[in-house]
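What follows is a single structure, written as C-alpha cells, with notes after it.
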Amino acid sequence: MDIFDIIGPVMVGPSSSHTAGAVRIGYIAGKLMGEPIARAEILLYGSFLATGKGHGTRKALVAGLLGMKPDDMRIPDSFEIAREHGIEVTFGESTLRDAHPNTAQILLTSVTGKKLEVVGESLGGSRINIAQIDGIATNFSGDYPTLVVHNMDQPGHVAEVTSMLAHKSVNIATMQLYRASRGGNSVMVLECDQEVPEDGINWLRHAEGVVKVTYLGME
C-alpha cells in the first residue's frame, strides 16, 4: 500500500474525489484533445451535479483542461484564467444512465474545429477512470501512456498496431478491444510502459481502415 492511499493525494481541497479527481479528469481530457481548446461543454452527473459546486468540482474540471495538476494553487481562479485564454465554458446536466455517481461528460471543440467527447469517473483518492471516448467504452486510468485507436472491425488492425509498437520498442502493459457491432466501428485501448513516438502515431493515422487515433502522453 502506498502512503498516499492512507493520507490521500497532495492537492488543493476540499475533496480527493470531487476536487483532485475532477482536476485529473479535465487534465486527461485536455491532453487527449491535443490542441488548444476553444469551447468546453461540461455535463455533470450524480454527486458531481448535486454537491460538486460546494466542493469546487466545476473549477477543478476547468483547471484540468487548462493543464493544471491537483496541487496547483490557481485552481480556484480557473474560470477567470479560462476567460483570459479565450475558452468558452458552459455547464449542464448529463443525461447518462447508470453511470458512476462522480461522472463528468466533457465535450470539447479545439481552435481548429476538432471535436472530442470524454466521459470520466472519479473513483476516490484522486483515482479516475476514463470510461468513454466519443461514445465508445474505453476504461483506462490515465496513469500510463495510452494509445486509443478507432478503426473498422476488420482483420489485421490489431496486428498493425502491435507491430508498430514492437518496432518502436514500446511494451504493452494492458490492451482492451471493443466494438459496436461485427464489421462496424471498433476501438483498441493500449496502455504502454513507454511513450509512443509521434511518427508511429502519425503512421497509424494514415493506415487504411483507421478512423481516428487519440494519444495520452505522460511527458
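The values are calculated or read from the model by the stated rules, or taken from the named source; none is laboratory data. Remember, it's a predicted structure, so these values are computed and weren't measured experimentally. Reconstructed Cβ throughout: ideal geometry from the backbone, glycine too, with neighbour counts over all protein chains shown. Each accessible area value is taken on the protein alone, full model and side chains, heavy atoms only, with ligands, DNA and RNA left out. Shrake-Rupley method; radii C 1.70, N 1.55, O 1.52, S 1.80 Å.
The set of residues in the stretch 97-114 being open to solvent by less than 60 Å² (accessible area, probe 1.4 Å) and within 18 Å of the chain's Cα centre (by Cα) consists of Ala99, His100, Asn102, Thr103, Ala104, Gln105, Ile106, Leu107, Leu108, Thr109, Ser110.
Evaluation of Arg127 against the conditions (1) without any contact (Cβ under 8 Å) to a residue 12 or more places away in the chain; (2) surrounded by 15 or more Cβ atoms within 10 Å (Cβ to Cβ); (3) not polar (S, T, N, Q) shows that the sole unmet condition is (1). So for the stretch 16-34 (the condition being outside any helix (DSSP H, G or I) and out of contact with any helix residue (DSSP H, G or I) (no Cβ under 9 Å at 6 or more places or on another chain)), does at least one residue qualify? The answer is yes; a qualifying residue exists. Filtering the stretch 146-176 to residues that are among the β-branched types (Val, Ile, Thr) and part of a helix (DSSP H, G or I) leaves Val158, Val161, Thr162. Annotation: of all residues in the stretch 58-99 being assigned to a loop (DSSP other than H, G, I, E, B) and among the small types (Gly, Ala, Ser), the one that is nearest to Ala131 (Cα to Cα) is Ala99. Quickly run through the stretch 76-117 and pick out the residues that are modelled with pLDDT of 95 or more, among the aliphatic types (A, V, I, L, M) and within 22 Å of Ala20 (Cα to Cα). Selection gives Ile81, Ala82, Ile87, Val89, Ala104, Ile106, Leu107, Leu108. On inspection, Ser94 qualifies as in contact (Cβ under 8 Å) with a residue 40 or more places away in the chain and surrounded by 14 or more Cβ atoms within 10 Å (Cβ to Cβ).
Scanning the stretch 162-192 for residues that are open to solvent by 10 Å² or more (accessible area, probe 1.4 Å) and within 20 Å of Gly34 (Cα to Cα) gives a single hit, Glu191. For the stretch 56-75, residues that are open to solvent by 60 Å² or more (accessible area, probe 1.4 Å) and in contact (Cβ under 8 Å) with a residue 12 or more places away in the chain total 5. Taking (1) over 26 Å from Met218 (Cβ atoms); (2) in contact with an Asp or Glu (Cβ under 6 Å, 6 or more places away or on another chain) in turn, Gly86 satisfies each apart from (2). Of everything listed in (1) surrounded by fewer than 21 Cβ atoms within 10 Å (Cβ to Cβ); (2) among the hydrophobic types (A, V, I, L, M, F, W, C); (3) farther than 22 Å from Glu41 by Cα, the single unmet condition for Val149 is (1). Taken together, Ser78, Ser47 contain a single residue that is polar (S, T, N, Q) and touching a His at 6+ places or on another chain (Cβ under 8 Å), which is Ser47. Scanning the stretch 177-219 for residues that are part of a loop (DSSP other than H, G, I, E, B), more than 12 Å from Thr146 (Cα to Cα) and in contact with a helix residue (DSSP H, G or I) (Cβ under 8 Å, 6 or more places away or on another chain) gives Ala207, Gly209.
Looking at this structure, is Val210 closer than 21 Å to Ile130 by Cα and either open to solvent by less than 40 Å² (accessible area, probe 1.4 Å) or at pLDDT 90 or above (or both)? No: the conditions fail for Val210.
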